[in-house]
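Scroll down for the structure; my scribbles are underneath it.
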């Protein structure tokens, strides 16, 4: 074999090794993304379970709020925290879907269903979100991040009400 043939063979082997390593890195990145998404899903499921447990532990307050009864200060604090946690969870899920490129409103739609089915919770959320938007206008007026989620929930609520009322 001539030295030129050796050189060409070595270059071909080098190019093949580079292509193979790039394919390997691509496969590895895809696997890491799938692992990360699985971990996010597991964390989301865990937080949903914790939230439902908190609601169950405070079922009396939940029911009292939905029936329109007056809540004590302590009960108001609990229902406010539960509703805020529900909304933060839905907003966080929607944001994660946007970050990974899987757009969808499932989490916000689920939250809208909760609001529709629980009028006391809806009243609490509407008061919270109006305050939050006002605060957010002061803190970061050019960023529509939170207003957009509120608007998406309101759109889902309107669809639900139009379909069921």
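Just so you know, all these numbers are worked out from the coordinates, no wet-lab data involved. Note that the structure is a prediction, hence the values are computed from the model and not measured. All Cβ positions, glycine included, derive from the backbone under ideal geometry; neighbour counts span all protein chains shown.
Rank 34, 93, 128 by mean-square fluctuation in a GNM of the chain with C-alpha springs under 10 angstrom and give only the top-ranked residue.
Most flexible of the set in this elastic network: 34.
Can you tell me which of 132, 11, 57 moves the most in a GNM of the chain? Springs connect C-alpha atoms under 10 Å apart.
So, out of 132, 11, 57, the one fluctuating most is 11.
For helix 119-139, what angle does its Cα long axis make with the longest principal axis of the chain, in degrees from 0 to 90 and rounded to 10?
Around 60 degrees separate the two axes.
Which of 154, 29, 53 ends up with the largest GNM mean-square fluctuation for the chain, with Cα atoms connected below 10 Å?
Maximum among the listed residues: 29.
Just one of [x] 18.7, 67; [y] 25.3, 94; [z] 15.1, 41 is Rg and Dmax of the Cα atoms in Å as worked out from the coordinates here. Which one is it?
[y]
I need 63, 96 ordered by Cβ neighbour count within 10 Å, fewest first.
Sorted ascending by nearby Cβ count, the order is 63, 96.
Just want to confirm a number: the relative contact order over the chain, from Cα pairs under 8 angstrom separated by 6+ residues, in percent.
Working: 84 pairs, mean separation 31.4, N = 165.
Relative CO of the chain lands at 19 percent.
Using Cα atoms only, what is the angle between the long axis of helix 73-100 and the major principal axis of the chain, expressed in degrees (0 to 90) to the nearest 10?
The answer is roughly 30 degrees.
Between 0 and 90 degrees, rounded to the nearest ten: what's the tilt of helix 145-164 against the longest Cα principal axis of the chain?
60 degrees
How do 108-118, 13-23 rank on mean C-beta neighbours within 10 Å, highest first?
Descending packing order for the listed peptides: 108-118, 13-23.
Go ahead and estimate [θ] at 222 nm for the chain from helices alone: -39,500 (n - 2.57) per DSSP H run with n ≥ 4, summed, over the residue count, rounded to 500.
Taken over the chain, the calculation gives -31000 deg cm²/dmol.
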